[in-house]
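Read the structure below first, then the notes.
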Amino acid sequence: MIRVLVVDDSPGDRQWLAGLLSRSPDYEVITAANGEEAIRLVNEYSPHVIVTDMLMPGMNGLELVAALRRAFPGLPVILVTAHGSEDLAMEALRRGASSYVAKSWAARRLLPTVHQVAEAAVQRAKISQLNQYLQHCRFSFSLASDCQLLKPILNFVHGLLECLELDSGEITRINIALQEALSNAVFHGNLELSSALREEDEAQYFALAERRRKEPPYCNRRVYFRGELSRQKLEFVIRDEGPGFDPSVLPNPHDPESLECPCGRGLLLIYSFMDEVSFNERGNEIRLVKRLSEKGTPEQPVVGPRDAPEETPLR
């Protein structure tokens, strides 16, 4: 049973969000009316995930994220954003929040977002005795366009990140960025599916994905995933064999108003959680970099997207 704490000063919104989560038998939902009460309930009930509004009297969502990050660094926080809270939400993502859901899309997005974050947070391998010994690791995968492969791949990376002794909250954020990038490579790259179709009819979207996965030319395409990890820097390159795209046509991931856009959500999370994000000229390859301090903790993010050549080398 996954315990979720919902924080919102509006009784109506608090009840509505709790009701959305209660549709799943896997979740136990508790609620708080403000940030101070939320911290008390975290100490009392040890929730696995926090879902919080941004605009609240007293301690707002950004301040709550900062307080939880200090006291409970491994506890993931999901932001519920509304018009007027975009700037706070962008800053909260930079400071440690794990994901976000626009309030206007909560009815459809809240449950899958909580599931994604909770699953990433609880995947902890029992290999702590090896953590102090791993100094450098490089891997390379050639993957079929099968979304069922994403979970084991992310679990593999999760175990490596634990060996580098990153805190569980940061591991969750990195895994979410990788999940979004890999999903984009499979669905939008190799299978050439549009975000607009998913927003119109999610069932039709996944049905079409399953059909295309079995028919040419889509079935012959691969996703190439490479990584190089050390205690100073993490670097990942993901390339698909689709036609590519022009990244400049997507909503600006640094613009707070993009939080309300149904498309480009994954890219916004990627830019928020990684220090460097760049695409090759064709638009079918993304390079992600996370810089670490000597102790394996993330440095302050300085996001700097830039063009990268085809088949970006790992340096």
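The values are calculated or read from the model by the stated rules, or taken from the named source; none is laboratory data. Values in this document were obtained by computation on a predicted structure and should not be read as measured data. Here the Cβ is made from the backbone with ideal geometry for all residues, glycine too, and neighbour counts use every protein chain on show.
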### Matching residues, segment 206-223, being under 21 Å from the mean Cα position of the chain (by Cα) and crowded, with 17+ Cβ neighbours inside 10 Å
Val223
## Note on the structure
Filtering segment 17-27 down to residues that are more than 12 Å from Pro47 (Cα to Cα) and touching a residue at least 24 places away in the same chain (Cβ under 8 Å) yields Leu17, Leu20, Leu21, Arg23, Ser24, Asp26
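Here is a yes/no grid of residues against (1) touching a His at 6+ places or on another chain (Cβ under 6 Å); (2) of a type outside the set (Val, Ile, Thr); (3) outside any strand (DSSP E or B):
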position	(1), (2), (3)
Leu5	no, yes, no
Gly12	no, yes, yes
Trp16	no, yes, yes
Gly19	no, yes, yes
Ser24	no, yes, yes
Val29	no, no, no
Ala38	no, yes, yes
Leu41	no, yes, yes
### Query
Does segment 80-103 contain any residue that is touching a residue at least 60 places away in the same chain (Cβ under 8 Å), within 14 Å of the chain's Cα centre (by Cα) and part of a strand (DSSP E or B)?
yes
### Query
Can you name every residue in segment 168-183 that is touching a Leu at 6+ places or on another chain (Cβ under 8 Å) and under 18 Å from Leu150 (Cα atoms)?
Ile171, Ile174, Asn175, Ile176, Ala177, Leu178, Gln179, Glu180, Ala181, Leu182, Ser183
### Query
Among the residues of segment 162-205, which ones are modelled with pLDDT under 95, among the small types (Gly, Ala, Ser) and under 19 Å from the mean Cα position of the chain (by Cα)?
Ser168, Gly169, Ser195
### Task
May I ask you to list the residues in segment 14-58 that are over 24 Å from the mean Cα position of the chain (by Cα) and not hydrophobic (A, V, I, L, M, F, W, C)?
Gln15, Asn34, Glu36, Glu37, Arg40, Asn43, Glu44, Tyr45, Pro57, Gly58
### Summary
Subset of segment 142-171, residues part of a strand (DSSP E or B) and surrounded by 16 or more Cβ atoms within 10 Å (Cβ to Cβ), comes to Leu143
#### Entry: Evaluation of Pro73 against (1) assigned to a loop (DSSP other than H, G, I, E, B); (2) crowded, with 17+ Cβ neighbours inside 10 Å (one fails), failing number
(2)
### Query
Filter segment 185-233 for residues that are outside any helix (DSSP H, G or I) and among the basic types (Lys, Arg); which is nearest to Phe141 (Cα to Cα)?
Arg226
### Query
Quick one: is Asn175 polar (S, T, N, Q), farther than 22 Å from Glu119 by Cα and free of Cβ contacts under 8 Å to residues at least 60 places away in the same chain?
no
